[in-house]
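What follows is one structure encoded as structure tokens, with my remarks underneath.
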Amino acid sequence: MFVSHLQVSDFRSWEQADLVFEPGPNVLLGANGQGKTNLVEALGYLATLGSHRVATDAPLIRHGAERALVRAVAVNEGRELRLELEITAGRANRARINRAPVPRPRDVLGIVRTVLFAPEDLALVKGDPGERRRFLDELLVARTPRYAGVRAGYERVLKQRGALLKTAGSARRAGGSGDIRTLDVWDGHLARHGAELLAGRLDLVAEIAPHVANAYAGVAPESAPVVVKYRCSLGAATPNSEVGGRADREALEAALLEGLAGIRSQEIDRGVSLLGPHRDEVELILGEAPAKGYASHGESWSYALALRLAAYELLRRDGTEPVLILDDVFAELDRRRRARLAEVAGAAEQVLVTAAVPEDVPEELAGVRFQIADGQVSREP
């Protein structure tokens, strides 16, 4: 799969931009602050409905504009699909496929697949657990778009249940008991949605872990080996059973229900949900120690790169090659890591590279080049 055309309107710094890409390497060159990253961010948003730089949509809309538009043409085995996303702050976004409106923006998920490696990826190793959970969930959605609905359902239940816990906690502190009759119902919803999301994560970690280890050994052969594990908030109560080699969703649901019953009083006192996938952690181990806090800067870069390369490999094995996006990363890597990344990127069906100067782009990725300056995009002959 590759993207042949990208057009943005009022997205970030761009009033208008129109780019025609080719299969293979496409390099966006320009000084810092000229909008290179904004363009690849737009394509990443089309693939994931999220930004790798901000948590909300409002910053994606150009200052003074009411909405932003992102359009692209994806080509898969000779078939073209035209996608459009309209991003409006404070209102539901709208999407079209081949100019026809679709009921929900997430209906476009899976049409464009991307793997983006950017300086922000250091947070995968050095940041909070939420960064690593997000990495897993975005990869889940990229591989199986229905997980977008699973995530949305879980987050909706979590919000409603949290509001009920806060109300019950306030009543208890005021000397009453609070009305918690509906809490059993919300426990059931959380356990059902949570078990679905948790099972997907457990299966994904089991599948991606060996690819991460292999990728890390390739970019940092002198370093200690790495291991990726999933630490569930259920702790020792996490079921070990599997059905057909996959996580047992029914067993996970039952364990979540039992766990929630056991900590209900604590949750009411604190007014928050203390158990579920939102409290889990993806453990990144380097040698015998957690990478966070123990890995050097170079080892952290290697780990982050290994995670992205492993995600790329899984998506390739699913049968649809993703677009590989390398956003201003070569300047951050030493010779060995640059060479390894260039080797993988050079074999990709399509790769988009952003760089401040041509010297930052490996020779293996010489291809179509675009100059980005003063709000304009010009393609080199």
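Along the axis of the charge dipole computed for the range 180-297 (Cβ charges of +1 for Lys and Arg, -1 for Asp and Glu, origin at the Cα centre), the listed residues L204, S241, Y294 are led at the positive end by Y294. Accessible surface of W301, taken over heavy atoms with a 1.4 Å probe and every protein chain present, rounds to 10 Å². At q = 0.14, 0.25, 0.26 Å⁻¹, what is the base-10 log of I(q)/I(0) for the range 100-152 according to the Debye formula with one equal point scatterer per Cα and no solvent? Please give it to two decimals. Debye curve over Cα of the range 100-152, log10 I(q)/I(0) at q = 0.14, 0.25, 0.26 Å⁻¹: -0.45, -1.01, -1.04. Carbon-plus-sulfur accessible fraction, the chain (probe radius 1.4 Å, protein heavy atoms only): 48%. Taking all protein chains as they are arranged and a probe of 1.4 Å, the heavy atoms of T320 leave approximately 30 Å² accessible to solvent. Applying the Karplus relation 6.51 cos²θ - 1.76 cosθ + 1.60 with θ = phi - 60° to the range 232-240 yields 3J(HN,Hα) values of 8, 5, 5, x, 5, 7, 5, x, 9 Hz, where x marks Gly and Pro.
If you take all C-alpha pairs in the range 233-381, what percent of them are over 21 Å apart? When every Cα pair of the range 233-381 is considered, 65 percent fall beyond 21 Å. Here the 3J(HN,Hα) profile of the range 208-219, calculated from phi with Karplus coefficients 6.51, -1.76 and 1.60 at θ = phi - 60°, is 7, 3, x, 5, 5, 4, 5, 5, 5, 4, x, 8 Hz, Gly and Pro shown as x. By the Kirkwood approach, averaging reciprocal distances over each pair of separate Cα atoms, the range 192-269 gets a hydrodynamic radius of 14.4 Å.
Taken over the range 97-212, the ratio of Cα radius of gyration to 2.2 N^0.38 Å equals 1.38.
When the alpha-carbon atoms of the range 24-85 are used, the pair Rg, Dmax equals 13.3, 40 angstrom. Only the Cβ atoms of Lys and Arg (+1) and of Asp and Glu (-1) were treated as charged; on that basis the dipole of the range 157-276 about its Cα centre amounts to roughly 560 debye. The length gained on full extension between V102 and K166, counted as 0.36 nm times the residue separation minus their Cα-Cα distance, comes to 19.4 nm.
Before anything else, pin down the relative contact order of the range 140-206: Cα pairs under 8 Å, at least 6 apart, normalised by residue count, whole percent. Relative contact order for the range 140-206 comes out at 41 percent. Here the range 72-93 is scanned for amide nitrogen atoms under 15 Å from the site 7 Å beyond the Cα of Q16 along Cα-to-Cβ, giving none. The residues H297, H5, sorted by heavy-atom accessible surface at 1.4 Å with ligands and nucleic acids left out, run H297, H5 from largest to smallest. Averaged over its residues, the chain has an accessible area of 46 Å² per residue, based on protein heavy atoms and a 1.4 Å probe.
Is the shape of the range 37-140 best called rounded, prolate or oblate, per the rule: a/c under 1.5 gives rounded, else a/b larger than b/c gives prolate, else oblate, with a ≥ b ≥ c the square roots of the Cα gyration tensor eigenvalues? It comes out oblate by the Cα gyration axes. Placing unit charges on the Cβ atoms of the charged side chains and taking the dipole of the chain about its Cα centre, the candidate lying farthest along the positive direction among A148, T48, L136 is A148. The H on the amide N of R369, modeled in the peptide plane, is under 5 Å from the matching H of V27, E380, each at least 5 residues off or on a different chain. The calculated pair-distance distribution of the range 152-206 uses every alpha carbon pair, bins of 5 angstrom beginning at 0, and gives 4, 20, 21, 17, 14, 10, 7, 4, 2, 0 percent. If you bin all the Cα-Cα distances of the range 310-355 at 10 Å, starting from zero, the percentages per bin are 26, 55, 19, 1.
Given a 1.4 Å probe and the protein chains as shown, I97 ends up with an accessible area of around 40 Å². Taking a ≥ b ≥ c as the square roots of the Cα gyration tensor eigenvalues, with a/c under 1.5 meaning rounded and otherwise prolate when a/b beats b/c, else oblate, which class fits the range 77-133? Oblate shape, in that a/c is at least 1.5 and b/c is the bigger or equal ratio.
Give, to the nearest whole percent, the P(r) tail of the chain beyond 27 angstrom, counting all Cα pairs. Percent of Cα pairs beyond 27 Å in the chain: 53. Across the range 107-123, coupling constants 3J(HN,Hα) worked out from phi with the 6.51/-1.76/1.60 Karplus curve, θ = phi - 60°, read 5, 8, 4, x, 6, 9, 10, 9, 10, 10, 10, 9, x, 5, 5, 4, 5 Hz, and Gly and Pro carry x. Comparing Cα centroids, the range 298-346 and the range 145-176 end up 38 angstrom apart.
The values are calculated or read from the model by the stated rules, or taken from the named source; none is laboratory data. Computed from a predicted model, the values in this text were never measured in an experiment. Here the Cβ is made from the backbone with ideal geometry for all residues, glycine too, and neighbour counts use every protein chain on show. What goes into the accessible areas is simple: the full protein's heavy atoms, side chains included, and nothing from ligands, DNA or RNA. Shrake-Rupley method; radii C 1.70, N 1.55, O 1.52, S 1.80 Å.
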